[in-house]
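No value in this document is a laboratory result; all are computed from the given coordinates. Worth saying up front: this structure is predicted, and the values here are computed from it rather than measured. Using ideal geometry, Cβ is built from the backbone for each residue, glycine included, and neighbour counts are taken over all protein chains shown.
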Amino acid sequence: MREYELTVVYDLAVAEAGGADASVQHLTTAIEARGGNVARVDHWGRRRMAYPINRQIDGDYIVSRVNLDPANVRALEAALKIDERVFRHLIVRADELPPPPQPREPRRMPGTEAPAPAAEAAPEAETADEPEVPTADATPDVTEVPATVAEAEEPGEAEASPPVAEAGDAPPEGSAEPSGTIAEPSA
């Protein structure tokens with residue numbers, strides 16, 4: 001016997017006609033008829049399908065772990081394929097599945113503190129990342145600002161920078177007149 005994961009999507013008419021667990025009982029009967037047993041059943045219930053099947057947009061989803069002889073897997077798949085109440089099915093060997101994810105810690109409301117063991121709680125409380133609040137006695141760090149542009153430039157950068165036009169320089173020929181002057185009309 002080998003462990004498999006079996007996912008089946010049933011028509012909702014099965015659950016409406018026979019009750020909420022009718023599809024689970026139908027699946028269990030099909031597996032036990034082929035010499036297998038159901039290890040665990042996770043009945044998801046009514047879920048929206050990715051696309052309509054037989055003009056239905058919802059289906060009854062069942063995910064189960066099944067112990068079944070490998071020779072009987074094809075017989076089970078054939079029975080599920082023929083059954084009109086089964087929209088889709090998938091059977092996968094359980095040893096090929098990725099390991100289940102680690103359980104997550106439950107969410108907590110902001111402002112409530114989580115109960116922690118006393119030995120671990122004390123060191124964590126001291127190293128908490130809280131923003132530092134400056135006190136009134138503390139003076140801000142002031143870096144020295146250069147007094148002139150020449151002091152701010154590196155010795156190698158002063159030669160590479162383009163020359164700066166001074167107030168008395170005339171613009172090169174062919175350029176526009178400096179702003180603020182009015183051209184005299186020619187007579």
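For the reader, a short list of remarks on this structure follows.
- The HN-Hα couplings worked out from phi for region 4-14 by the Karplus form 6.51 cos²θ - 1.76 cosθ + 1.60 (θ = phi - 60°) are 10, 10, 10, 10, 10, 10, 9, 5, 5, 5, 5 Hz, whole numbers, x standing for Gly and Pro.
- Each 5 Å bin, from zero up to the one with the longest distance, holds this percent of the alpha carbon pairs of region 2-96: 3, 14, 26, 26, 18, 9, 4, 0.
- Proximity of backbone amide H atoms, modeled 1.01 Å from N, is registered between Phe87 and Val9, Tyr10, Asp11 at under 5 Å, excluding neighbours fewer than 5 places apart on the same chain.
- Cut-off under 5 Å, modelled amide H: who pairs with Ala39 long-range: Arg65, Val66, Asn67
- Given +1 at the Cβ of Lys and Arg, -1 at the Cβ of Asp and Glu and no other charges, the dipole of region 2-96 around its Cα centre is 200 debye to the nearest 20.
- Residues whose amide H falls under 5 Å from that of Gly45, counting only those 5 or more places apart or on a different chain, are Tyr61, with hydrogens built in the peptide plane.
- Distance between modelled label sites at Arg104 and Thr29, nm, 7 Å Cα→Cβ extension: 3.9 nm
- Highest mean packing first, where packing is the average number of other Cβ atoms within 10 Å per residue, the peptides 46-58, 73-85, 14-26, 95-107 line up as 14-26, 73-85, 46-58, 95-107.
- Label separation (Ala94 vs Asn67): 0.8 nm, computed from points 7 Å beyond Cα along the C-beta direction.
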